[in-house]
Each structure stands twice: as structure tokens, then as C-alpha cells.
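The values are calculated or read from the model by the stated rules, or taken from the named source; none is laboratory data. Since the model is a prediction, treat every value here as computed from it, not as a measurement. Note that we place each Cβ from the backbone using ideal geometry, even for glycine, and neighbour counts take in every protein chain shown. Remember, those area values only see protein heavy atoms, side chains included, never the ligands or the DNA or RNA. Shrake-Rupley method; radii C 1.70, N 1.55, O 1.52, S 1.80 Å.
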Amino acid sequence: MHHMRSEMGTAGAAIGPEENKGIGFPRLYDLLVLLLTRGRDRAYREAVLDLAGLAPGFQLLDVGCGTGTQAISAWRRVQPGGSVVGVDISEKMLAAARRKASQAGLDIAFHHADAAALPFEDGRFDVVTFTTVLHMVPEARRSLCLREAARILPPGGRLLLVDYSGPVAERRHLSARHGLHGQFDVARLRGPLVDAGFERIEGGPLNWLGLHFLRAVRA
């Protein structure tokens, strides 16, 4: 859940190696997630993983993996035979994620990478998730991220986006109206998703912190 980034002094920062080092406070970030979700972050993550439709044997890429909590939850769902890979732009977040996975005894690879230039071969993954990441990406680069997601998915592969949506005045949760969050509406990515090569696009509210999802299948 990376929607705290913009509240932690990186408002307006681009997601890219030069412009943004991501969040530099992994422990504080995890604490903020807990406070914002009032301790119900596990239920939220499980709902996201349900939407991703993970099953044993699946290969998952979690883009903007942060401190790795969602990647670790996902790992259990893709066993036996599946794998989880996480990428993030913040080295500090990745260090925290590697530490968590190591303590849990899980073999999850975490890479330092830009969402608009992923270091993976075509069709490598079955599912790609962006959980509260795209609102931090400058508008001009969002379509690049979606095209990269399409490239690393095979036909029939699934993409899940979770982010802020809806008219700002109607957003009940403060964090959904604040800063970069308030300027972003994930529903506006339907057109860019089609342009990037996705079909069967569906979406709706998560009933959680004002977040919505968009799910699409690689054509």
C-alpha cells in the first residue's frame, strides 16, 4: 500500500531512477499502513489477492512492492510451484522487503527497477499487480507502465490495478482526497489499458480507504 508516499515528502516526485528514490522510511511506512487501516490491513491485502485471482503455480510480479507484505501474502497462494517477484524504486523499501522474506524463510526475489522499464522477458508472468503505485507516476509515464505490464504478460495474463478513484468530493476517506491521491482517478486508465493491449476491463470499489480496482486481461 504505497499511498503514503506522497504524504511523506515525495509529493509530485516521478517514479523513475533519476527523479525518485521512493519512500525512505520503511518502518514508519509500515506503521502508517497499520494506523490508516486501523489494523485491518491483512483483510485488505487478502481482498486484493482475491481480485488478482492467484492460484498454485502462478508467476506473480508485484510492481511497487514496498516493504514486501503483499508479496509475502501472495507467495502462500501460488504454492506449490508458483513464484513471486517484487520490484520497487526505493532501495530502502527493498532492503526491508528482503529482510521480511528472509525472516519468513521465503524465496522471493526483489529487484530495484522502474515500472516503465521492467527487466523481464516477454510473457514471463501470469499476473501483474500495481497496488497504490500509479498515482505516484507522472501522467506521461503511466501508459509506458501499462505497456510494460502487457509485454511481460502472455495472452490471457491478468493485470490488477488498485488505486484511488471517484469524484474527490465524494471520497469519504481523507487519504483518498489528499495531495496526489486526490488528483488521480484509476477509472481514467480504461482507455490507456485498451491502447496497451488489454481487454475485458472491469472495476469497482474495494470499500477500503476509498480505493478502487481495475482488472484487465492481456488480449
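The table for this structure:
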quantity	calculated
Arg190 accessible area, assembled protein chains, probe 1.4 Å, Å²	100
Net charge of neighbours whose Cβ lies under 15 Å from the Cβ of Leu49, counting Lys and Arg as +1 and Asp and Glu as -1	+2
Potential lengthening between Leu28 and Glu121 on full extension [0.36 nm per residue; Cα-Cα distance subtracted]	30.1 nm
Packing rank of 191-198, 133-140, where each peptide gets the mean count of other beta carbons within 10 Å, highest leading	133-140, 191-198
P(r) histogram, all alpha-carbon pairs of the range 84-219 included - 5 Å bins from 0, percent	2, 10, 19, 20, 19, 16, 10, 4, 0
Rounded if a/c under 1.5, otherwise prolate or oblate - the range 71-160, Cα gyration tensor axes	oblate
